[in-house]
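Report on the following structure.
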Amino acid sequence: MFAFQSPQPVQLPSPAPPPPPPFRKHLKCTAARGSCRPPLCSLTSNPTISTSAAADDKNRVIQRLCERGELKRALRVLSQETDPNQRTYELLILSCARQNSLSDGLSVHRHLLENGFDQDPFLATKLINMYSELDAIENAREVFDKTRQRTIYVWNALFRALALAGHGHEVIDLYRRMNWVGIPSDRFTYNYVLKACVVSECGLSLLKKGREIHAHILRHGYGGHVHIMTTLVDMYARFGCVKWAGIVFDEMPEKNVVSWSAMIACYAKNGMPFEALELFREMNLETNDLLPNSVTMVSVLQACAALAALEQGRLIHGYVLRRGLDSILPVISALVTMYARCGKLDRAQQVFDKMDERDVVSWNSLISGYGVHGFGEKAIQVFNEMIISGIPPSPISFVSVLGACSHAGLVEEGKMLFDSMVREHRIFPSVEHYACMVDLLGRANRLDEAAKIIEEMRIEPGPKVWGSLLGSCRIHRNVELAERASARLFELEPMNAGNYVLLADIYAEAQMWDEVRKVKKLLEARRLQKVPGRCWIEVKRKIYSFASVDELNPQIEQLHALLLNLSMEMKEDGYVPQTKIVHYDLDLEGKERILLGHSEKLAVAFGLINSAKGETIRITKNLRLCEDCHSVTKFISKYTKREILVRDVNRFHHFKDGVCSCRDYW
DNA sequence: ATAGGGTTAG
């Protein structure tokens with residue numbers, strides 16, 4: 001299929017009136033603080049007399065101190081002879097949570113038990129919430145277990161706590177018990193239980209459970225509830241069931257900004273950026289009263305980044321500015337990522353420099369930006385600057401910086417960073433980090449070391465790890481190790497066609513044709529299809545898409561002629577078509593024709609014809625760039641004096657004057 | 001009696 005023309009450039013809604021100056025909220029707070037608080041001394045100067053009036057006073061004192069954030073002083077008053085009431089305990093509990101003090105929380109809890117509030121379901125709810133916020137999930141569970149009168153609030157609080165802590169299965173078990181006991185769910189229960197489905201702790205999918213709960217929800221007449229339906233959309237989105245998310249979304253009788261944002265995020269996160277942009281356009285066309293918010297814009301920017309749609313991204317950036325959303329951290333980080341992934345690293349850096357406040361995510365955006373462009377040293381430098389600026393790295397920081405090392409071949413640096421994870425930062429490597437290390441060593445042709453890392457892993461190596469190893473085997477043509485890796489992969493993810501294709505490629509390059517046939521049979525038997533290679537190019541705000549051997553493209557003749565011409569010149573310059581990567585049973589000429597029809601070459605030719613001279617050609621590819629396309633593009637950049645920027649699944653290739661920024665290491 | 005919820009950055 002050719003050149004599927006993109007949906008119209010996304011229409012932006014008309015700009016909103018300028019946002020209120022950011023400091024207004026601030027002023028209001030200060031004013032309130034100044035005006036409505038009585039001076040402290042009048043509250044604390046009462047001597048302790050054990051009358052009920054004195055007890056009332058003490059309650060009021062503790063409550064005021066809690067509201068003012070003076071937990072320690074409140075506790076001191078509490079330790080005197082007091083007769084705290086429910087409200088006092090409530091404020092104390094909230095205050096402990098806010099101050100993030102587990103020890104104080106525990107002592108308030110003890111105090112409350114001693115004063116006969118141990119069966120108060122209202123306070124039990126508050127305690128569960130507190131323990132949840134303090135990451136003390138066992139304590140939350142204990143409160144629940146000891147409370148005999150479990151109102152729906154108590155159940156819901158525990159569901160929420162467990163879901164937040166990632167204990168999805170436990171929630172589902174308890175939910176079953178709640179139904180068994182005969183307590184009816186309310187709208188909050190459904191929300192928490194749906195959330196729990198996507199955070200199951202033992203790796204087993206709770207999708208089936210989620211669909212069951214979907215049915216409960218409809219049966220109990222909540223099918224029109226915006227919150228619940230939005231949570232359902234999100235649940236299906238997180239399971240990758242885009243179709244189901246779409247069905248729920250379409251059938252919602254009432255949608256608000258959050259519902260639209262959830263669906264846009266669903267597309268953006270599940271590899272359907274076109275649909276995300278299209279839905280954003282629809283949102284602005286269909287609804288006059290719904291303004292996209294910062295959350296919406298983050299997903300829209302992700303979609304632009306995924307498509308490397310720079311022009312589109314710039315439009316969105318303009319909209320973000322007009323709407324005054326440009327001071328919101330997640331939006332700026334998404335902008336940094338968008339510019340980096342659209343090949344505009346300098347713009348990404350500029351946006352980053354202009355931030356007056358940065359969090360770890362902003363830094364990570366920049367680090368991974370340098371990483372995908374192959375600037376390993378620079379990525380490490382930014383990583384170090386982050387630490388110097390006082391922001392400790394997150395696990396994602398390490399994924400970014402290790403990935404950067406891998407793209408740049410910085411093996412020793414990567415190993416040192418990996419070692420520093422636990423030693424200096426107390427971050428324990430996850431599967432993702434191990435996958436980075438395997439990639440780093442594997443690409444550098446240190447396959448034995450990569451295999452050793454896997455053997456010594458302290459957690460179960462997942463498909464990402466074995467996949468990295470298989471990828472490296474492909475680059476360095478190691479059949480034996482490839483067989484080991486793919487055997488594991490076929491077990492772990494039998495439906496991933498990519499693994500079979502990779503193994504078949506490895507066999508083919510080793511001329512092991514019987515094995516190639518076997519793998520292809522396996523692929524057919526499982527009714528899997530190779531993901532076709534595709535390329536995208538944005539010309540004048542429209543995105544054109546190319547598939548290999550694209551006979552329907554109206555310009556195909558022209559593109560072929562151009563490529564044929566170039567290839568003849570190239571051959572005189574020593575270019576040899578890599579016909580051995582074509583596994584069809586064809587003669588040499590046929591194989592060359594296939595190679596020339598690769599989507600990436602078509603996109604380059606299209607860019608040469610349809611863009612202005614001197615303009616950089618920007619192309620995105622959904623798979624790894626093939627070796628033949630890589631060498632051809634190098635050549636074209638020299639002969640046509642054009643800069644060509646190709647982003648493949650892993651990284652950027654910046655072709656200029658016959659050289660690629662990856663220095664042929666990718 | 002009171003109370004609590006959905007979408008977001010790498």
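The values are calculated or read from the model by the stated rules, or taken from the named source; none is laboratory data. Small disclaimer: the values here were computed from a predicted structure and weren't measured. For neighbour counting, all protein chains shown are included, and Cβ atoms are generated from backbone atoms with ideal geometry for every residue, glycine included. Surface accessibility is based on the protein's heavy atoms, side chains included, excluding ligands, DNA and RNA. Shrake-Rupley method; radii C 1.70, N 1.55, O 1.52, S 1.80 Å.
Worth pointing out:
- Set A:Val649, A:Val659: member being surrounded by fewer than 16 Cβ atoms within 10 Å (Cβ to Cβ) and closer than 20 Å to A:Ser368 by Cα: A:Val649
- Once segment A:363-418 is narrowed to residues that are among the hydroxyl-bearing types (Ser, Thr, Tyr) and more than 9 Å from DNA strand B (Cβ to nearest atom), the residue that is nearest to A:Ile332 (Cα to Cα) is A:Tyr370.
- When the criteria are applied in full, A:Thr189 meets the requirement of being within 13 Å of DNA strand B (Cβ to nearest atom), open to solvent by less than 40 Å² (accessible area, probe 1.4 Å) and either touching a residue at least 24 places away in the same chain (Cβ under 8 Å) or over 24 Å from A:Leu127 (Cβ atoms) (or both).
- Some residue of segment A:255-274 being over 28 Å from A:Arg314 (Cβ atoms) and either open to solvent by 20 Å² or more (accessible area, probe 1.4 Å) or within 12 Å of DNA strand B (Cβ to nearest atom) (or both): yes
- Segment A:197-229 - residue that is small (Gly, Ala, Ser) and over 20 Å from A:Leu164 (Cβ atoms) and, of those, farthest from DNA strand B (Cβ to nearest atom): A:Ala215
- The residues of segment A:275-308 that are farther than 21 Å from A:Val226 by Cα, more than 8 Å from DNA strand B (Cβ to nearest atom) and open to solvent by less than 30 Å² (accessible area, probe 1.4 Å), listed by number, are A:Leu277, A:Val300, A:Ala303, A:Cys304, A:Leu307, A:Ala308.
- Top-ranked residue in segment A:620-646 [being touching a Gly at 6+ places or on another chain (Cβ under 7 Å) and farther than 14 Å from A:Gly533 by Cα; ranked as most open to solvent (accessible area, probe 1.4 Å)]: A:Lys638
- The number of residues in segment A:76-118 that are within 14 Å of DNA strand B (Cβ to nearest atom), polar (S, T, N, Q) and open to solvent by 50 Å² or more (accessible area, probe 1.4 Å) comes to 2.
- Scanning segment A:142-186 for residues that are within 8 Å of DNA strand B (Cβ to nearest atom) and over 22 Å from A:Glu212 (Cβ atoms) yields a count of 4.
- Single unsatisfied condition, A:His227 versus (1) modelled with pLDDT under 95; (2) under 29 Å from A:Ile152 (Cβ atoms): (1)
- Meets criteria (assigned to a loop (DSSP other than H, G, I, E, B) and out of contact with any strand residue (DSSP E or B) (no Cβ under 7 Å at 6 or more places or on another chain)) for A:Asn553: yes
- Residue that is surrounded by the most Cβ atoms within 10 Å (Cβ to Cβ) [pool: residues in segment A:464-491 that are in contact (Cβ under 8 Å) with a residue 24 or more places away in the chain and in contact with a Cys (Cβ under 7 Å, 6 or more places away or on another chain)]: A:Ala482
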